[in-house]
Amino acid sequence: MTVFADFRSVVLDALAQLQAEGRVPSGLDTAAVAMETPRDPAHGDLATNAALVLARPAKLAPRALAEALAEKLRAHPQVRSAEPAGPGFLNLRVDEAVWRAELREAIDLGAGWGRSEIGAGKSVDIEFVSANPTGPLHVGHMRGAVFGDALANLLQAAGWEVTREYYINDAGGQVDTLARSAYLRYLEAHDRSIEIPEGLYPGEYLRDVGAALRAQFGDRFVDQPEEAWLEPIRDFAVARMMDEIREDLAALNIHMDLYSSEKAIAQSGAVEQAIGRLEEMGLIYRGVLEPPKGKLPEDWEPREQTLFRSTAYGDDVDRPIRKSGGSWTYFAPDIAYHYDKTQRGYDLLVDVLGADHGGYVKRLKAAVAALTEGRVPLEARLCQMVNLFKNGQPYKMSKRSGNFVTLRDVIDEVGPDVARFVMLMRKNDAQLDFDFDKALEQSRDNPVWYVQYAHARTASLARQAQEAGFLLDDAGLATADADLLDHPSEMALIRKIAEFPRHVEGGAQAQEPHRIAFYLYDLAGVFHALWSRGKEEEELRFVQASDPEGTRARLALVRATQLTLANGMRILGVTPMDEMR
RNA sequence: GCACCCAUAGCUCAGCUGGAUAGAGCGCUGCCCUCCGAAGGCAGAGGCCAGGGGUUCGAAUCCCUUUGGGUGCGCCA
């Protein structure tokens, strides 16, 4: 329970009293009643819109309802003042002890501080990265990887049961292309001179694969027809690429719970089964699509094909599921794969996709809606492009060129923590500029650094206090007399800490991990401000030998700050540091 | 032509799912270290929330529309 939730229910109790007295009609929907922090602290600690949202259904004037509520609220022992304001807001000032109690709460809960149960144990499957196993991960993948993992952490912190899943596209034409490209490198490893034709992957990273192929197969496939080597080489190369991808993810501290294989799904007959179901529903038919308006592809001609009637579920056009040769398009196994996910009993499916797959979302949702009759919600979270900058110059990437900036390049340069934090300082649906120079800068302009620095300062204070002879176990700190913390700067920090659980809930509900990053930046700012004040105002210095009781209280505040920073960073997947180096 | 995303201070971006006088950092202006907590802190200036309509007690936020950018658009995955 947060302070906000507590006082929201206090307001609802007051409402119930008014209803019992017949002053307010009963049966009002209170879902829209919110308790929030007023933007202007002069307005109080808490503000509710209760009177504004209830006035109309209650057929009362907002101000009058607010006044009636205020009258009841004033009787509450922890409410110091309750004043209607503006169009019908109700501003509350509560006993400062209410806020200070949150410090003890934080220290008692430790790593569990900030956790919420709004997820109520519901299960969610988050599919992310799912890059083709044809090469190392690049920066675009990195954003999806970081976002997906942080979202998973966030939902976990909010009480969801989370599965992290990676879908391996190990069945389509691209892995054949990979095999052919790897075969050339295999020949190269046998000292043949090779030329990489247009359409194959030129990347240097395949040299290692060629050497490994030689070590594995000797010269068995040299001068052999494609039928002889395509499959074994493909399987080998895909496995190699997936190992590399797993390593890339591990370097970012990401560990999937589940890797699902397109090939395995295709071989299990699940595709026929899923499409068969759609067929029974009358959603599969032979037909000719309208050409797109505007500029036509040069070789456009009307063509009859096998289509899924996705327009019946909100898509813009029906989608082909078979190629003219009779084999499935990419979409068909993907339908089967998503059908499989819906049958595993999750309460929610989330797909984290790159913006270039935006056009794919409607048909996926259509397929899932059709197959489950709308029972399993699928949400797509799109991550927009990442633009890299270095020395003020844009840094371009393009996967097939064989000359692209890999995830590993970035991590080698800035480390996983910085990379993750920067990726999470922007909401997922806005484009992101990643500036190497700024990421490594040591100033307030670099949020990563600023937040880490705040955490390091809390650790440094702990060390200092210990040297001065203070005991720092959490059990002891939790009993410190928090009432000694009465300076406005201290109260500001306490209030900021108390907000943390609220941001976890809000962020989880909106599926927006970046909110945690911004909250931490804010929290760090309030903490740094207090620290600096200690320079001018002696009584604000955390460790004061002449004031052991006050020092204990301040150390409790520092500890709560540290826990909040650390727990928040853990949601983002960033390691809290005890020292800056 | 259509779909999805974006547009907020000079710059980079938040804005708690519709609330009060729209916030932060950088940059700019002015303060704060002869010694202990200045890789920082305090204060100030800076806005027609891209334009126009609508919804309502109330809009940066929701709907329509125009403009400008990004991503896609029948057998690539």
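All of A:Arg180, A:Arg164 fail the test of being on the phi < 0 side of the Ramachandran plot, basic (Lys, Arg) and not in a strand (DSSP E or B), apart from A:Arg180. Going by what's in this entry, would A:Glu549 be described as away from RNA strand B (no atom under 12 Å from the Cβ) and assigned to a helix (DSSP H, G or I)? Here the answer is yes, as A:Glu549 does meet what is asked. Among the residues making up region A:288-328, those that are among the small types (Gly, Ala, Ser) and at negative phi are A:Ser310, A:Ala312, A:Ser324, A:Gly325, A:Ser327. Looking at region A:323-396, the strands (runs of 3 or more DSSP E) lying wholly inside it that each contain 2 or more residues that are in contact with a helix residue (DSSP H, G or I) (Cβ under 9 Å, 6 or more places away or on another chain) and aliphatic (A, V, I, L, M) sit at A:348-354, A:378-383, A:386-390.
Checking each residue in region A:264-321 for being assigned to a loop (DSSP other than H, G, I, E, B) and more than 9 Å from RNA strand B (Cβ to nearest atom) picks out A:Ser268, A:Gly269, A:Met281, A:Gly282, A:Leu283, A:Glu290, A:Arg309, A:Gly314, A:Asp318, A:Ile321. Taking A:Asp412 and the conditions (1) part of a helix (DSSP H, G or I); (2) surrounded by 16 or more Cβ atoms within 10 Å (Cβ to Cβ); (3) without any contact (Cβ under 8 Å) to a residue 40 or more places away in the chain, which numbered condition does it fall short on, given that it satisfies the others? Just one mismatch for A:Asp412, condition (2). Within region A:525-549, residues that are open to solvent by 60 Å² or more (accessible area, probe 1.4 Å) have Cβ atoms under 7 Å from residues that are more than 6 Å from RNA strand B (Cβ to nearest atom) in these pairs: A:Trp531/A:Arg457; A:Arg533/A:Ser489; A:Arg533/A:Leu540; A:Ala545/A:Ala468; A:Glu549/A:Asp481; A:Glu549/A:Leu484, counting only partners at least 6 apart in sequence or on another chain. Between A:Arg426, A:Arg457, A:Arg420, A:Arg400, the distinction of being within 15 Å of RNA strand B (Cβ to nearest atom), part of a helix (DSSP H, G or I) and modelled with pLDDT of 90 or more belongs to A:Arg457 only. Of the strands (runs of 3 or more DSSP E) entirely within region A:1-95, none holds at least 3 residues that are away from RNA strand B (no atom under 14 Å from the Cβ), surrounded by fewer than 20 Cβ atoms within 10 Å (Cβ to Cβ) and in contact (Cβ under 8 Å) with a residue 24 or more places away in the chain. Enumerate the pairs (first residue in region A:349-377 and within 13 Å of RNA strand B (Cβ to nearest atom); second residue anywhere and among the acidic types (Asp, Glu) and open to solvent by 30 Å² or more (accessible area, probe 1.4 Å)) with beta-carbon separation below 7 Å, excluding pairs fewer than 6 apart on the same chain, so at least 6 apart or on different chains. Matching pairs, first to second residue: A:Val350/A:Glu379; A:Lys362/A:Asp316. If you go through region A:486-495 and pick out every residue that is open to solvent by less than 30 Å² (accessible area, probe 1.4 Å) and within 12 Å of RNA strand B (Cβ to nearest atom), you end up with 3. Of all the residues in region A:567-580, those that are open to solvent by 10 Å² or more (accessible area, probe 1.4 Å) and among the small types (Gly, Ala, Ser) number 1. Just one of the listed residues (A:Glu499, A:Glu505) is modelled with pLDDT of 90 or more and within 25 Å of A:Cys383 (Cα to Cα), namely A:Glu505.
Within region A:507-524, the residues that satisfy the criterion of being of a type outside the set (A, V, I, L, M) and either touching a residue at least 24 places away in the same chain (Cβ under 8 Å) or under 20 Å from A:Glu105 (Cα atoms) (or both) are A:Gly507, A:Gln509, A:Gln511, A:Glu512, A:Pro513, A:His514, A:Phe518, A:Tyr519, A:Tyr521, A:Asp522. Would you point out the residue of region A:435-454, among those that are more than 9 Å from RNA strand B (Cβ to nearest atom) and either modelled with pLDDT of 90 or more or small (Gly, Ala, Ser) (or both), that is nearest to A:Glu512 (Cα to Cα)? Among residues in region A:435-454 that are more than 9 Å from RNA strand B (Cβ to nearest atom) and either modelled with pLDDT of 90 or more or small (Gly, Ala, Ser) (or both), the one nearest to A:Glu512 (Cα to Cα) is A:Val451. Whether a residue is away from RNA strand B (no atom under 12 Å from the Cβ), at pLDDT below 90 and more than 30 Å from the chain's Cα centre (by Cα) was assessed, and A:Leu477 does not pass this test. Annotation note: Cβ proximity below 8 Å between a residue of region A:153-180 that is closer than 23 Å to A:Asp243 by Cα and touching a residue at least 60 places away in the same chain (Cβ under 8 Å) and a residue that is aromatic (Phe, Trp, Tyr) and within 10 Å of RNA strand B (Cβ to nearest atom) (sequence gap 6+ or interchain) occurs for A:Asn169/A:Tyr330; A:Gly172/A:Tyr330. In this structure, A:Lys122 does not qualify as at pLDDT below 90 and of a type outside the set (Ser, Thr, Tyr). Residues of region A:104-132 that are buried (at least 21 other Cβ atoms within 10 Å of the Cβ), assigned to a strand (DSSP E or B) and in contact with an Asp or Glu (Cβ under 6 Å, 6 or more places away or on another chain): A:Asp125, A:Glu127. Taking every residue in region A:468-480 that is of a type in the set (Asp, Glu) and pairing it with any residue that is open to solvent by 50 Å² or more (accessible area, probe 1.4 Å), at least 6 positions away or on another chain, the pairs with Cβ-Cβ distances below 9 Å are A:Asp474/A:Asp108; A:Asp474/A:Arg559. Against the numbered list (1) more than 10 Å from RNA strand B (Cβ to nearest atom); (2) at pLDDT 95 or above, A:Asp409 comes up short only at (2). For region A:219-272, residues that are aromatic (Phe, Trp, Tyr) and more than 34 Å from the chain's Cα centre (by Cα) total 2.
The values are calculated or read from the model by the stated rules, or taken from the named source; none is laboratory data. Treat the numbers as computed from the prediction; the structure is a model and nothing was measured. Cβ atoms come from the backbone with ideal geometry, glycine included; neighbour counts cover every protein chain shown. Surface areas here come from the heavy atoms of the whole protein model, side chains and all, with no ligands, DNA or RNA. Shrake-Rupley method; radii C 1.70, N 1.55, O 1.52, S 1.80 Å.
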